[in-house]
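Step one of this worksheet: look at the structure below.
Just so you know, all these numbers are worked out from the coordinates, no wet-lab data involved. In this text the structure is predicted, and so the values were computed from the model without any measurement. Cβ: placed from backbone, ideal geometry, glycine included. Neighbour counts: every protein chain shown.
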Amino acid sequence: HVDVVDARETKKLWMMHVCIFPHLKSDGPVFGFDVIAGQKKITGAFFDFSPTTDKSHRMVNWFGNTMSKYGYNKTRELPDWAKQIFSRHMVAAGNVSEESEMDMISKMANEGLSYYLNHIGSYNDAYVQDTVGKVAQNRYAHYQKQNPHTPRTMTSLGLGEDDVRLFIDKCLFPEV
């Protein structure tokens, strides 16, 4: 799913969230790309192929190898909830104001999305039943719901707390 909140005129904030879950019988990773931006800079950009059942999955390793070629080296300490689900290759950027750095993040995301969409289908039959995939995806959703920044950002945009919680639980990260 993709959701964009464009509140540049009223709150001077723009937010995009992209999340693609693999089929439930797949051992492939979850694609995630989030951007939060103010008027003059990206305050946060996060990109990952998050493992579901196999931390050494071929696609996760491709992601790590490919992202390292960009030489992007801004590291960011992840909170405990994030360490539970994100790969060790996750790209986390903050305070991005240089156009060249914004271009690099855009190129990384475009290359990653193209690879993901062209390869994830090859892993749709890793499991005979979908139980393993359901457990893995529900685990991912559970930990994503622990992120305090998502509801805080959405309420700062003027959305009500009950609506925010419902949106996070049922739209952004529903459990299957």
Revision key, fill the gap. Filter the stretch 130-149 for residues that are in contact (Cβ under 8 Å) with a residue 40 or more places away in the chain and crowded, with 17+ Cβ neighbours inside 10 Å; the one that is farthest from Val5 (Cα to Cα) is Val132
Practice item. Could you identify the single residue in Tyr116, Tyr127 that is closer than 22 Å to Asp54 by Cα, touching a residue at least 60 places away in the same chain (Cβ under 8 Å) and under 18 Å from the mean Cα position of the chain (by Cα)? Key: Tyr116
**Study point:** Pick from the stretch 1-35, criterion over 19 Å from Val135 (Cα atoms), among the hydrophobic types (A, V, I, L, M, F, W, C) and surrounded by fewer than 19 Cβ atoms within 10 Å (Cβ to Cβ), ranking: farthest from the chain's Cα centre (by Cα)
**Key:** Ala7
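Per-residue answers, yes or no, for (1) closer than 18 Å to Ala141 by Cβ; (2) in a loop (DSSP other than H, G, I, E, B); (3) in contact with a Gly (Cβ under 9 Å, 6 or more places away or on another chain):
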{"site": "Thr53", "(1), (2), (3)": "yes, yes, yes"}
{"site": "Ser56", "(1), (2), (3)": "no, yes, no"}
{"site": "Asn61", "(1), (2), (3)": "no, no, no"}
{"site": "Gly71", "(1), (2), (3)": "no, yes, no"}
{"site": "Leu78", "(1), (2), (3)": "yes, yes, no"}
{"site": "Ala82", "(1), (2), (3)": "yes, no, no"}
{"site": "Phe86", "(1), (2), (3)": "yes, yes, yes"}
{"site": "His89", "(1), (2), (3)": "no, yes, yes"}
{"site": "Ala92", "(1), (2), (3)": "no, no, yes"}
Check your understanding: Scanning for something surrounded by 14 or more Cβ atoms within 10 Å (Cβ to Cβ), in a helix (DSSP H, G or I) and in contact with a Cys (Cβ under 8 Å, 6 or more places away or on another chain), does the stretch 152-173 turn up at least one residue?
Key -> yes
Point to revise | Residues satisfying the stated conditions in the stretch 25-42, i.e. of a type outside the set (Phe, Trp, Tyr) and farther than 10 Å from Thr52 by Cα | key: Lys25, Gly32, Asp34, Val35, Ile36, Ala37, Gly38, Gln39, Lys40, Lys41, Ile42
